[in-house]
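To start, the structure under review is shown below, and the notes come after it.
Just so it is clear, none of the values below were taken in a lab; they were calculated from the coordinates. Note that the structure is predicted; figures quoted are calculated from it, not measured. Every residue, glycine among them, receives a Cβ derived from its backbone with ideal geometry; neighbour counts consider all protein chains shown.
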Amino acid sequence: MADLHTPDALLVKNYVEGNEAALATLIRRHESKIYGFIYSKIADRDISNDIFQDTFIKVIKTLKGNSYNEEGKFLPWVMRISHNLIVDHFRKTKKMPMYRETEEFSIFSIMSDDSLTIEGKMIVDQVELDLKKLVEELPEDQKEVLVMRMYQDMSFKEISEITGVSINTALGRMRYALMNLRKIIDKHQIILTN
Amino acid sequence: MAKIYSKKALASKDLKPNKEVVSFILNYSQALTVVKVQEKSFEIIAN
């Protein structure tokens, strides 16, 4: 399909000029990354769907109002919108992102592969779980950068674009996140090894 | 060598929004017209 090779910037231009199919292509191309990003923070399918929908309503209004001027950076721009909506969501509900054990969602479903039961694997899983708990102790701004960098494999450039801070600030937050993690580990004399 | 314990599992590639959500967005896009008059912009939703 020709759609696969059309750059985002051209699809955005086509959409602004009235080609509705271009939006469908953009959504199809990026839905996993955007929805996955939202879900990684929210951990609730329904709320993630709501935020995904609100994100694209903003995108549509901006594009149709001819207020978009970031050609070639469509995905970081959309991710930034969804990031802001996620922040709004937590501000509204006044709670920090947290992974809770529920009937539909088990923390182990994202931490381990159930088919592997060897001892070494169990230890690695335990270390990962402990590390996650430690990461939860970090200040929000540092945790955000660390999770995006280490768990979502984003570059510092992408992180800075999504969070709206400079690359140096993002690097600084990563550095402090690691220093604080070491401090917590030392303080509680936790052994992370296998 | 430092061990890497972080799995890239938080943002799974398989996660996708509901079809209804995508369909709503596309219908909303078709129905919406934004008209700019001087400094103000008006949103018109066609039924």
To the nearest 10 degrees, the tilt of helix A:119-136 (Cα long axis) against the first principal axis of the alpha carbons of chain A is 70 degrees
Could you state the angle between the C-alpha long axis of helix A:74-93 and the longest principal axis of the C-alpha atoms of chain A, as a value from 0 to 90 degrees rounded to the nearest 10? 60 degrees
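State, as an integer percentage, the relative contact order of chain A based on alpha-carbon contacts under 8 Å between residues 6 or more apart. Can you show the working numbers first?
Values: 128 pairs, mean separation 33.8, N = 194.
Here the relative contact order equals 17 percent.
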Compute the long axis of helix A:167-188 from its Cα atoms, compare it with the longest principal axis of the Cα atoms of chain A, and write down the angle in degrees, 0 to 90, nearest 10. 20 degrees
Kirkwood Rh over Cα pairs of the stretch A:107-188 into Stokes-Einstein at 25 °C, 0.890 mPa s: D in µm²/s? 177 µm²/s
Please work out how much length the chain gains when fully extended from A:Tyr68 to A:Lys121, using 0.36 nm per residue of separation minus the C-alpha to C-alpha distance, in nm with one decimal. 14.3 nm
Within 10 Å of each Cβ in A:32-41, the average number of Cβ atoms from other chains: 5
Separation in nanometres of the label points that stand 7 Å from Cα toward Cβ, at A:Gln189 and A:Ser155: 4.5 nm
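Normalised by the residues of the stretch A:2-93, what does the relative contact order come to in percent, with Cα pairs under 8 Å and at least six apart? Don't skip to the end; give the middle numbers.
Details: 57 pairs, mean separation 29.5, N = 92.
Rounded, it is 32 percent for the stretch A:2-93.
Determine, for each peptide in A:123-131, A:81-89, the mean count of other beta carbons within 10 angstrom over its residues, then list the peptides with the highest first.
On the way: A:123-131: 16.3, A:81-89: 18.2.
By packing density, highest mean first, the sequence is A:81-89, A:123-131.
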Virtual spin-label span in nm between A:Lys58 and B:Ile45, 7 Å along Cα→Cβ: 1.9 nm
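Just checking the output field for B:25-35: average partner chain Cβ neighbours within 10 Å of each residue's Cβ? List each step's numbers first, then the result.
Values: counts 12, 7, 1, 5, 12, 3, 0, 5, 1, 8, 2.
Mean shielding count: 5.
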Residue farthest toward the positive end of the dipole of the stretch A:2-93, with Cβ of Lys/Arg at +1 and Asp/Glu at -1: which of A:Leu23, A:Thr62, A:Val87? A:Val87
